[in-house]
Amino acid sequence: MSDHTEHDLLRELFPETARELFGDAHIPRETLGLYPVADGRLALISGAQLAEFTPIDPKGNKALHCDLCHYTRSRSEAALYRVVVGARRSRYLTLCIATESCQQRAGKEGVRGLAERIFPIESPYVE
Ligand SMILES: [Zn+2]
């Protein structure tokens, strides 16, 4: 088991968000979910693992299909996100911008499935 918890990760990478989400109190062990962080980015947390989703501007004007809740969304309701999963590897996912309701539609199993597609990642934060 790692002694580096999601709590530590969040505090390290997004101290403001960690304070907002969890205060200074105890964090549930079963942390799983997407959390909005700065600049429209999302942080996917699964246990002690963390991936950062950075929004990029998709080309064209087509409707977007959310990879989490599987709804078809308009361009204003969803965004294409880039996830760095390794030193030179990225994944691209379309997700609803309103991530809370998206995760509710997808359910815990949907979010877990998404996490399984992303993790494990090679430490992208280490050069
Ligand atoms: Zn969605």
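Since every read-out is calculated from the coordinates, none of them should be taken as a lab result. Predicted, not measured: the structure shown is a model, and the values here were computed from it. Glycine also receives a Cβ, built like all others from the backbone with ideal geometry; neighbour counts cover every protein chain displayed.
See the values below:
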{"item": "Answer residue from segment 33-87, given it is surrounded by fewer than 17 Cβ atoms within 10 Å (Cβ to Cβ) and of a type in the set (Asp, Glu) and is nearest to VAL111 (Cα to Cα) among those", "result": "GLU77"}
{"item": "Within segment 28-127, strands (runs of 3 or more DSSP E) holding 3 or more residues that are more than 16 Å from the ligand (Cβ to nearest atom) and closer than 19 Å to ASP8 by Cβ", "result": "42-46, 49-56"}
{"item": "Filter pass, LEU80 being in contact with a helix residue (DSSP H, G or I) (Cβ under 7 Å, 6 or more places away or on another chain) and either at negative phi or not hydrophobic (A, V, I, L, M, F, W, C) (or both)", "result": "no"}
{"item": "Members of segment 72-126 that are among the polar types (S, T, N, Q) and more than 13 Å from GLN49 (Cα to Cα)", "result": "THR72, SER74, SER76, SER90, THR94, THR99, SER101, GLN103, GLN104"}
